[in-house]
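Peer 1: Have a look at this one before I ask anything.
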Amino acid sequence: SNKSKKHAKTISSQFAKEYWKRRHEFIVETFEAQKAVDIAICSNKKHIVLVEASDCCGGGAAGDSVNVIKLLIVKNLNKVSYSIIVDPKAVKKFENVKIGSSLNIELGHGIDNRWGHPIKKDLVLLKKSDGNFVYKGGIWDKEVGRMGETLLVRYNNNFIVICTHSTYEWKNEQYELMGLNTNDCDI
């Protein structure tokens, strides 16, 4: 707009009208968690992304739901899955646990338990981090994200990043911080 309010208003109005005209192109098909996990597990595609929209950190929710993680643990026998969850209480319980050791712990719904119940599993601690990472691209490019103390745990083929604070999920920066390459997972 070259600092022209009039031109900025024209551009914004055109963009809004075009977006509204094409709004149906942006509708995403959604599924209940059970069906979404079943589709992901049965898929022959290399990478499936499941978004638990009701608990999206970037959308303002607590980020502590384990509904999809729970289903992946129960149903997932041969696919590798990566998940992120905000659970400061779980992080604290791993405080004195050594890398490679397991802990029987309740995970999830510790911040907001209206939507479900925690899972109780033996999780193997793989890595600890201060949770600081750098965003790559977009409006937050080169900004530091701060998850607070963060853990990487595993249950069978399910790798779970447990962090103290929620952060906006832009790409795969949180996974990379914990040594995970998203090209190596199925879900």
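The values are calculated or read from the model by the stated rules, or taken from the named source; none is laboratory data. All figures in this text were calculated on a predicted structure; none of them were measured in a lab. Ideal geometry is used to build each Cβ from the backbone, glycine not excepted, and the neighbour counts take in all protein chains shown. Accessible surface areas use protein heavy atoms only, side chains included; no ligands, DNA or RNA. Shrake-Rupley method; radii C 1.70, N 1.55, O 1.52, S 1.80 Å.
Peer 1: Which pairs do you get when a residue that is touching a residue at least 60 places away in the same chain (Cβ under 8 Å), found in the stretch 38-56, comes within reach of a residue that is polar (S, T, N, Q) and surrounded by fewer than 12 Cβ atoms within 10 Å (Cβ to Cβ), reach meaning Cβ atoms under 8 angstrom, with the pair 6+ apart or on two chains?
Peer 2: What qualifies is H47/N183.
Peer 1: Looking only at the stretch 159-182, which residues are more than 12 Å from the chain's Cα centre (by Cα), under 20 Å from V124 (Cβ atoms) and not small (G, A, S)?
Peer 2: Passing the criteria: T164, L177, M178, L180, N181.
Peer 1: Next question, about the same structure. Report whether or not I41 is crowded, with 17+ Cβ neighbours inside 10 Å, assigned to a helix (DSSP H, G or I), among the β-branched types (V, I, T) and over 15 Å from the mean Cα position of the chain (by Cα).
Peer 2: Criteria met by I41.
Peer 1: Continuing with the same structure: With at positive phi and over 18 Å from the mean Cα position of the chain (by Cα) as the only criterion, which of N96, N156 stands out?
Peer 2: Of the residues listed, the single one that is at positive phi and over 18 Å from the mean Cα position of the chain (by Cα) is N156.
Peer 1: Find all pairs meeting these conditions: Cβ atoms under 8 angstrom apart; at least six residues apart or on different chains; first residue within the stretch 142-159 and touching a residue at least 40 places away in the same chain (Cβ under 8 Å); second residue of a type in the set (K, R).
Peer 2: Here the result reads E149/K128; T150/K128; L151/K127; L151/K128; Y155/K121; N157/K79, each pair linking the stretch 142-159 to a residue that is of a type in the set (K, R).
Peer 1: Let me ask something else about it. Here are some residues: R22, R114. Which one is at pLDDT below 90 and basic (K, R)?
Peer 2: That would be R114, the only listed residue that is at pLDDT below 90 and basic (K, R).
Peer 1: Give me the residue from the stretch 54-81 that is open to solvent by 30 Å² or more (accessible area, probe 1.4 Å) and under 10 Å from the mean Cα position of the chain (by Cα) and, out of that set, modelled with the highest pLDDT.
Peer 2: C56
Peer 1: Exactly one of (1) surrounded by fewer than 16 Cβ atoms within 10 Å (Cβ to Cβ); (2) out of contact with any Asp or Glu (no Cβ under 6 Å at 6 or more places or on another chain) is unmet by S102. Its number?
Peer 2: Every listed condition holds for S102 apart from (2).
Peer 1: Which condition number in (1) aliphatic (A, V, I, L, M); (2) touching a Lys or Arg at 6+ places or on another chain (Cβ under 8 Å); (3) assigned to a strand (DSSP E or B) is the one that I85 fails?
Peer 2: Every condition holds for I85 apart from (2).
Peer 1: Please determine, by comparing only the residues of the stretch 146-184 that are assigned to a loop (DSSP other than H, G, I, E, B) and in contact with a His (Cβ under 7 Å, 6 or more places away or on another chain), which one is surrounded by the most Cβ atoms within 10 Å (Cβ to Cβ).
Peer 2: The residue in question is M147.
Peer 1: Right, another one. Give me a count of the residues in the stretch 46-104 that are of a type in the set (D, E, K, R) and closer than 15 Å to E169 by Cβ.
Peer 2: 3
Peer 1: Yes or no: the stretch 26-46 includes at least one residue that is over 17 Å from I160 (Cβ atoms) and aromatic (F, W, Y).
Peer 2: Within the stretch 26-46, one or more residues are over 17 Å from I160 (Cβ atoms) and aromatic (F, W, Y).
Peer 1: Out of the residues in the stretch 2-29 meeting the condition of being β-branched (V, I, T) and surrounded by 10 or more Cβ atoms within 10 Å (Cβ to Cβ), tell me which one is farthest from V49 (Cα to Cα).
Peer 2: Applying the filter and picking the extreme gives T10.
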